[in-house]
Amino acid sequence: MELADILLVGWARYRQATPYRLAYQWMNLAVSFEGATQFQAFGIDISLRVDHLALAVAAAAAVLGLALTVWHRQGGRGEAGPARFHASLLLAVLGSVGVAVSGDLAALTAWWGLAGVATYLLLAHRFGTEAAGRASRLGLALPFLGDLALLCAVAVLYSRFGANDIDRLSQVTVLTKTYDAGLKTLGVAAVLFTIAAFVRGGLFPFTRWQLGTLEAPPAAVALVQGLWPLLGALLIYRALPIFYFGGPQPWRVLAYAAAASAAASGLLALAGNDLRRLVVWGGSAVSALTLLAIGQPDAAGTSLAAALAITMARPAALLCAWALAAAMRSGDLADMGGALRRMRVTSVSLAAACLALSVALAPKAAARAGWQSVWFLGAAMALAGFALTRGYVLAAHGELRRRRAFEPARVRDVAPVMWWPAWLLGFGGLLLALAGFLTPWVAFLVGGRQPSYVVRTDVLWLGVGLAGPVLALLAGLAVRPLALRLAEQGGRGLAIGSAAAVVAYERFVRAPGLGLLEAFEQRGLRAGEGALGTALGRAAGWAGRPVGPGTALGLVALAVAVAALAAGLLAPGIYR
Amino acid sequence: MTSLWLLAIPTPSATPIPVFGSGVIGFSFLLSTIVWAPVAWALVLATVPNPRGRYDRFFYGSSFWVTLGVLGLAFFGYIQFQAFTVGPQFEEKLPWLPAYGITYHLGADGVSTLVLLANGIVTLAAILASSGIRTRVREYYVLLLLAEAAVNGLVCARDLFVLTLFWAAATVPLVLLVTGWGVQPVRRRAAGLRLLGYWGAGSLVLLLAVLLLAATAGGNTFDLDYLGKAGLASRVQVVVGILVVIAAGSRLALWPLHGWAREILAEAPAGIAILVAGAGMRSGGYLLFRLLDASLHDGTRLLAPILAMLAGATAIWCGLAALRTRDVRILGAYLAVVPGCVTVLGAAGVTPLSLDGAAYSLFGGAVAAALVVGACAVVAERALTRDLGLLGGLAGRLPRLSWLLVLAGVGVIGMPLTGTFVAELLVFFGSFKISFIGAFATAAGLLVAGAAVARMLQRILFGAPNPDAPAATDVPLTETWALALLAGTLIYLGVVPGGPKVAGIPFLDPGAINVVNASVADLASTYAPPAPPVGGG
Amino acid sequence: MTTLVLAPEALLVATGGATLLMSGRFRARTRARVQRWGPRAVVAALLAALGLELWLGAQVGTLFAGGFAQDRFALFAKAAVLLALAAGVAAADWDLERLPGWLPAALLGGFGAMVAASSTDLFAVWAGAALGIAAAASTLGAVRPVAVAGALLMLVALCLAYLHATAGGSSLDLARSALGEAPATLPLALPLLIGLGGLAALLVLAPLGFGTTAEASPFGRGVAAGVGAAGAGVALLKVGGVLAGAATAWAPGLAAGAAGLVLLGGLGAVVAPRPRTTISLLAASQLGWVVAAVATHEQAGLGAGLFLLGSTVVAAVAATTLLRDLDGEGALAGLGAREPGRAAALVVAALSLAAVPPLGGFFGVFLVSSSLAGAGFWWALTLALLGSLLAAAGAARIAFAAFLLEEEDTRAPARAPSTRVLPSTFTGAAAVAVTLVLIGYSLFANPISGLAYQAASALLTGH
């Protein structure tokens, strides 16, 4: 129903370029009668600012929610608390739609946080195992950094500009002519927006909370990894004016961070043979490339089109990877193979999803935008495509070996009811990725005049996008053992490195810090209180003792006389 | 006598948007009734004969109904509050010790009205959570009612003598409650002494501040209406301000005055822990609001950066300490300090919006803090252990309590749908202009607290059950109700801060944030950000 | 002014004389009646005297060619003394006390304090106070207290003699006017400090039994604490008011001494092992505040001091007497369950002595603190407040032991052997009445403090 509703609204607003606005007052305060006028009143509206992009993002969230609900009905049969799961899923979709249609940054922050709460509930859905407990911790602690960063960013902007409204904060006069607000404010806010998008999007180095929660129900993981990168990209897009007028620094921060994240994620996707981790790293690399691209001139539209495609394709890839691992009783690519024969639907969907992720950024690159990182973009696309398709090739082709207590002949595809979510997301993602080449689609999303494409360039960049998958296919088919061995060694090295990093963190950061704290709390504060108590006790004992024969008179009279003489002689009057 | 009545009748004023049900009830002596009714009932309970504990349940039940009545009166005051009138309402001003300039002056502005409501809800939850008390029941409820009266009294006080009296009066009943009914006989006496030490020292410092304020202002009066506008020299304001911050810090458990919170909130029975965290600690924030922000403008401006840093340091410290501890009740105690840091940051933000947030957090933070210490106490009680190493996998065994604990956790760190989120939103929006670093520090503290909450929920609820741990017993209904009352309030505050509206007209509830803002807008005008110079930009 | 104003004193003396008759030889049945009704009659007489004082004492004037003055100070001080005596007699357990025991001495001491309150001559003040203090010290049934009190009274007499010489007469008005503009010099400061210090020492030593631990009867201890303190307090306030003009010479010294006394008392009360000692130290600590009030040497301070003196003597008498033979660690355990009225009165009195709000002690201490702040004695104020904080801890111990400490929690015997299972109706009612009086002192702080304020004006101006 929600999807139908969104589509109806989309139909109605198809030809309307200006966003449709409607606001419900949530809070409206006349906070002061003096001072700067923009600070005399404060209000937060639950505002609907329905532009084409908002509709597209909302539709994507609804489609994702729909597909995953269907998938979970079969795939999550054994899960406890189905009502809790579906409530959390709907809450997450609601939060995402809210973020999409918010025209008020404060309200956007609230919706963002609401989606965050739902994400936590989804990732903490399972309980009773160590892994589930770990997932619940990671699902709350780390992403909360992103929520706080967003809150601080919006607060910094309000504290200087006195406005939350997105359109108002996009006006040149407001951003450049507001008294007591300048580049520094915009720069800080932009960097905080970047942190929020990176953390919630699960981009390197914040991918840990997505990797660590793979034990949650697959539909939940897929929803989280599908929605948040899209919301991150949307956030950066909404905040683009802040970046534009914040000087060169915010751009550099965003571009270099995204580039480093994409490169690192791509390389990490090559290490190890765990299919699901590989998909997470690969997807993270592509999402990072989206953020790298989104800020480039004339590239916002195609980048958002890519983000929409990724929103479909990443969940599809994850679900398929989960289905393969479940059917073959192992997530290790070394134990997989022959899925194309035994699990055709899942394998084909996985291939479609990997292709979609590989070429999602191609239209962006093909936009012939005059920017310098074109070569890096090409390399990164190829790397991500190679890494992702490696998983498909090694799982879908080759021989599925017999193992102890595992009979390959028994491997079956997922239940038919789970097929169409996989098709929908996989091929939907691929279609959306290719749709990025269509100017009308991009123009529909962000409006304005979009650069017209040249077929030759499109084909060239499509080729660049496909280069990774093709190479992976060839390598996987030709030298499978070598590929497996190299990846395994890389994975081992990575494990050793991360273990060393964890040990170093424990030894040089956590232990000393908490030791210091413990020292103050226990030996410092407690001891201080104890010492004070002891001192008082001693003094009191001394003071209490005189209450005996004779000494009482002596001591009290002495105290009075000495104090009286001392203070009396020092009295200013007597000095005179 | 007639003049006495006339003095106590609140002056009505027009409200542009009349709240449904407003202006129906004119209530004289509303505040005196709220403050003294528990005392009167405590005296009754103290004298009722109770052969062989026959009427123990009567003590519990009657205390509940009396507190419910007080809450009802506080709610009347809340919905009758004229949100568009400046200054205190429901005023009662009688000469008390005229020779010494002391008046029995009570009054409630928007902030007081809200805090009264919070105190009522928290005390009701405390009594519900005390249903399991079986020893010395009479003494328990007498002391509880006296403590309730004290925390309500200081909120209504408009005369600094009255404020100091109630501020100090809250200490002894709570000390006796902790010492007499503490969980661990070995540690409860030390905990009581700590409370007496910290709160007593705080009272001493507050008394010095009050006396210094009155002595330098002249006028032979302790009335806030006069002292608040005395316009003291900046140096005096700073000295008084520092004393007020120390006094408030002793209640809010600001670093390094937090030593008592760890002990008291961890050792007291659930009901008392809820009362201390929800009402006792908030009185520190209220004091900052009433004495620092409202009365010492120059001093506040000068102390604001230090205060904001103190809030950040406390939040970070308590978050880290909560990460470190293995005792679930101590963990709850540290987390209960965090909402107070948001209040302090708001008070230090010195912009109208941050002050709105600070005042709102006196309610939201109170409920969240009470909920987290209450939930942790119930968990420790039901799971028969306080050791996080032993606890685990309770989500399946105690589902209702699990939801409440999750809500308490997200409430403490201020995630959406909770009242603390609204408070945080306002505080941060208002604070970044003045206390840039302090605001970031507090945000960092919230982040660490978030990690601690995540660890708490992992260890207690979602992790693997511990086969060596004692079997958890189910939570009694009254304790669930107590926590559910707090949880419901927390969510209500987060969802409709402006109050529910029917066809655009407020329905029954004028909206907590509107009631708060009615008073804050007045006192905070002096802190309004400066208008840009002509032609500036 | 009519001589009727002397009626309370006359009634007091008459009652004292009548109590002597109780020592006569009676038949067993009559003896039982006397034992039963004697103390009640004394309480009735004291209450009647109090009523007469409040009714007749409202008029202001002098008698005996100005030798006797009835002003607001006299009214307040005498009413406080009568109330303290009534509370003491009512709170005592006359099944355990001998009759007439220390009743005549107590009434005589009260009369002395009343004389001091109405006198207009330095030596008459001294004589009245000396009578009160000596009688109070004698109720402890030991030589040492009398010797100690006597020695200190001699110091005070030396100071008064110096004043007589300086002013050229012993009239209070003469001394007041002579010292009105006296420059603060060392020769002036020393004797004044010694005299006022002596009175202050007498004041705070009264609840401490003047430095004795003799096993006096509970009523005797109560009388020593209340009447002794009243006598010394009245004299201290009166002399302090007279010497206000030369305050720069002695006020800082007295403030320092007072702060030290409050602090010492508070410290002692925290750790004192026996409830009796704790109560004594609490009273001593609060009486230190009265000394501090004198050091402020202005109307508000002296008024606050008088107000506090009234509250303290009543609470001290009541608490000391109500303790009766309960002593030693854990002796109070289970008292709240056995005798709730007595326990409540004891705890309320202890909390009032520790200035715990909202009891009378807190009102008095706050008012004195305000005056100290006004006089600029911040250092003394801080020290004294610290002492009161410690005293609150001591009082909390009493409250905890009386109501929250179960008998099985302590190794002490559940109850002293001589304590009856149930108190007599009169004793129970008296305990409740004492509680009400102590609470009423804060409830009716308004007229009481107003009267004290007027009394202070009389002290400073002499009319």
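Things to note:
- Local electrostatic count at A:Ser136 - Lys and Arg +1, Asp and Glu -1, tallied over other residues with Cβ under 13 Å: +3
- Surface exposure of the range C:3-461, expressed per residue as accessible area with a 1.4 Å probe, stands at 31 Å².
- Loss of accessible area when A meets B, both sides summed, Å² nearest 100, probe 1.4 Å: 5600 Å²
- Whole-number percent relative contact order across the range C:131-213, with pairs defined as alpha carbons under 8 Å at least 6 apart: 43 percent
- Summing Cβ point charges (Lys, Arg +1; Asp, Glu -1) relative to the Cα centre of chain A gives a dipole of roughly 1140 debye.
- Label-reachable residues, the range B:376-412, where backbone N falls under 13 Å from a point 7 Å from A:Glu215's Cα toward its Cβ: B:393
- Modelled FRET efficiency - R0 25 Å, C:Val432 with B:Phe58, Cβ distances, 0.05 increments: 0.70
- From its DSSP helices (H runs of at least four residues, each -39,500 (n - 2.57)), chain A gives a residue-normalised ellipticity at 222 nm of -23000 deg cm²/dmol.
- Accessible area buried between chains C and A, both sides summed, probe 1.4 Å, in Å² to nearest 100: 2100 Å²
- With every protein chain in place, chain A: carbon and sulfur % of accessible area (1.4 Å): 67 percent
- In order along the range B:252-258, the Karplus-derived 3J(HN,Hα) couplings, from 6.51 cos²θ - 1.76 cosθ + 1.60 at θ = phi - 60°, round to 6, 6, 5, 4, x, 9, 9 Hz, and Gly and Pro are given as x.
- Estimated buried accessible area (total), pair C and B, 1.4 Å, Å² to nearest 100: 2800 Å²
- Put a dot 7 Å past the Cα of B:Leu94, heading toward its Cβ, do the same for C:Ala147, and the two dots end up 5.5 nm apart.
- When A:Thr173, A:Thr213 are compared by accessible area of protein heavy atoms, the largest-first order is A:Thr173, A:Thr213, using a 1.4 Å probe.
- Compared with its chain on its own, the range C:191-223 contains the following residues whose accessible area drops by 10 Å² or more in the full protein assembly (probe 1.4 Å; ligands, DNA and RNA excluded): C:Leu193, C:Gly197, C:Ala201, C:Leu205, C:Leu208, C:Gly211, C:Thr213.
- Cα-projected label distance for B:Val44 with B:Leu68, points at 7 Å along beta-carbon direction, nm: 1.5 nm
- Measuring against 29 Å, Cα to Cα, the residue pairs A:Lys177/B:Lys433; B:Lys93/B:Lys433; B:Lys229/C:Lys238 contain B:Lys93/B:Lys433; B:Lys229/C:Lys238 as the ones spanning a longer distance.
- Solvent-accessible heavy-atom area per residue, rounded to whole Å², over the range B:140-284 at 1.4 Å: 22 Å²
- Within the accessible area of chain B (1.4 Å probe), percent carbon and sulfur: 71 percent
- Virtual spin-label span in nm between A:Thr173 and A:Ala409, 7 Å along Cα→Cβ: 8.0 nm
- Chain A, accessible area per residue, ligands and nucleic acids excluded (1.4 Å, Å²): 39 Å²
- Interface residues in the range C:260-278 - accessible area drops by 30 Å² or more relative to the isolated chain, probe 1.4 Å: C:Leu261, C:Leu264, C:Leu267, C:Val271
- The range B:249-357: C-alpha gyration tensor shape, a/c 1.5 cut-off, then a/b vs b/c: prolate
- Among the residues of the range B:503-517, those with an accessible-area drop of 40 Å² or more from chain alone to full protein complex, heavy atoms and 1.4 Å probe, are B:Asn517.
- C:Ser177/C:Thr62 FRET efficiency (R0 25 Å; Cβ-Cβ; nearest 0.05): 0.90
- You can think of it this way: the chain between A:Val417 and A:Arg402 has 2.6 nm of extra reach, that is 0.36 nm per residue less the Cα-Cα gap.
- Taking the range C:3-461 and dividing mean pair separation by its residue count, relative contact order in percent (alpha carbons under 8 Å, at least six apart): 17 percent
- As a fraction of the 1.4 Å probe accessible area of chain C, surface on carbon and sulfur atoms comes out at 69 percent.
- For chain C, the 222 nm mean residue ellipticity estimated from helices alone, with every DSSP H stretch of n ≥ 4 adding -39500 (n - 2.57) and the total spread over all residues, rounds to -25000 deg cm²/dmol.
- The stretch between C:Thr2 and C:Trp55 holds 17.8 nm of extra length on full extension. This uses 0.36 nm per residue minus the Cα-Cα distance.
- Simple rule: put +1 on each Lys or Arg Cβ and -1 on each Asp or Glu Cβ in the protein assembly as shown, find the dipole, and look at C:Leu52, A:Leu91, B:Thr526; the Cα lying farthest toward the positive end is A:Leu91.
The values are calculated or read from the model by the stated rules, or taken from the named source; none is laboratory data. Given the structure is predicted, the values throughout are model-derived calculations rather than measurements. Here Cβ is always computed from backbone atoms with ideal geometry, including for glycine, and neighbour counts include all displayed protein chains. To get the accessible areas, we keep the full protein, side chains included, count just its heavy atoms, and leave off ligands, DNA and RNA. Shrake-Rupley method; radii C 1.70, N 1.55, O 1.52, S 1.80 Å.
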